[in-house]
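Peer 1: First, the structure itself, so that you have it in front of you.
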Amino acid sequence: MTLVAKGLVVPQDRGWRIGRGLPYLLAAVMVLICLLMVLPLVAAFLASLKTPAEAAAVPPTYLPHSLSLDSYQRLWAYQAGMPVYLWNSFATAMLTIAFTLALGIPAGFALARFPLPMKEGLFVLLLLALIVPYQALLTPTFLMFAKLGLTNSVLGLAIIHTAIQFPFSIYILRNGFESIPIELEEAAVIDGCTPFQILLRIALPMLMPAVVTVSLFAFITSWNEFLGALVMMSKQDSFTLPLILAAARTETSLGGTDWGMLQAGVMISIIPCVAIYLLLQKYYVAGLTKGAVK
């Protein structure tokens, strides 16, 4: 038996073999894309293990001739010390997660369940904040925070990061609450639960994937944010990790940028994000898809 395609006679078993080989071809393409994505990280890691002279060599060497942890040692003792900057970044990120969840969970539940007047319009108004670049608001925000004494503090920076993340969090949480069957909440009302008890005992446990997703995005947003921290922080002991890496970029070693120390900082900065994503990947995927299909 044969198949006719474009005027050519192709044996059916040959077309069947081509169809079977297509998944392997797609897998090979995906592996190639992954390698291209990972290659810069591997290059940065190898550069962080080079000696200062080799890291500054022109033309550069792709593989280190000898392994050295000198770049990490210099970075650890740079200015106020890497532990200070790691603590500032972690504290800001944890406060951002706490503020985002404390505001987003009640707001998402109210928008999903309560018969509020003009509820859809309010929801759209909150989402419109996504199209306003926060950089345009940094100058008035800085002037306001300066009067309130919130500059050079992780609290003030966490408030800015919460404002950046809040519209997206509302979108995820509201859709998540709407995906929960209303019959469960109606049964809880019959049993005498208040709306607050329904939120804590019924809705929130079922919404943990969405909560984890919001927390993950809030952490990564806060951990990597640069411009807000640059505007709000002026003291070295209040810098976050992105700021200190930008400062390290201007350091000189052998007549140029200390690339070894800079790449060591890059590797340290990506470890928490990758670790948290790998630990929470299952919940992250479920949280993004929750509420997408009704």
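The values are calculated or read from the model by the stated rules, or taken from the named source; none is laboratory data. Being a predicted model, the structure only gives us computed values, none of them experimental. Note that we place each Cβ from the backbone using ideal geometry, even for glycine, and neighbour counts take in every protein chain shown.
Peer 1: What are the residues in segment 164-212 that are without any contact (Cβ under 8 Å) to a residue 12 or more places away in the chain and not in a helix (DSSP H, G or I), if any?
Peer 2: Scanning segment 164-212 gives Pro181, Asp191, Gly192, Cys193, Thr194.
Peer 1: Only one of Ala292, Ala286, Ala248 is at negative phi, at pLDDT below 80 and in a loop (DSSP other than H, G, I, E, B); which?
Peer 2: Going through Ala292, Ala286, Ala248 in turn, just one is at negative phi, at pLDDT below 80 and in a loop (DSSP other than H, G, I, E, B): Ala292.
Peer 1: Is one or more of the residues making up segment 217-226 within 30 Å of Tyr134 (Cβ to Cβ) and free of Cβ contacts under 8 Å to residues at least 24 places away in the same chain?
Peer 2: yes
Peer 1: I would also like to ask the following. Does segment 147-155 contain any residue that is buried (at least 17 other Cβ atoms within 10 Å of the Cβ), more than 30 Å from Lys235 (Cα to Cα) and in contact with a Leu (Cβ under 8 Å, 6 or more places away or on another chain)?
Peer 2: No, that holds for no residue.
Peer 1: While we're here: With under 22 Å from the mean Cα position of the chain (by Cα), surrounded by fewer than 20 Cβ atoms within 10 Å (Cβ to Cβ) and under 30 Å from Ser234 (Cα atoms) as the only criterion, which of Ala218, Ala158, Ala136 stands out?
Peer 2: Just one listed residue meets the conditions, Ala136.
Peer 1: Within the group Ala53, Ala44, Ala80, which residue is of a type outside the set (Phe, Trp, Tyr), in contact (Cβ under 8 Å) with a residue 24 or more places away in the chain and assigned by TED's automatic domain parsing to the domain that holds Arg249?
Peer 2: Ala80
Peer 1: Given the criteria out of contact with any helix residue (DSSP H, G or I) (no Cβ under 9 Å at 6 or more places or on another chain), outside the structural domain of Pro205 (by TED's automatic domain parsing) and not charged (D, E, K, R), does Leu39 qualify?
Peer 2: Yes.
Peer 1: So is Ala28 at pLDDT 85 or above and either in a helix (DSSP H, G or I) or in the same structural domain as Leu262 (by TED's automatic domain parsing) (or both) or not?
Peer 2: So Ala28 passes the test.
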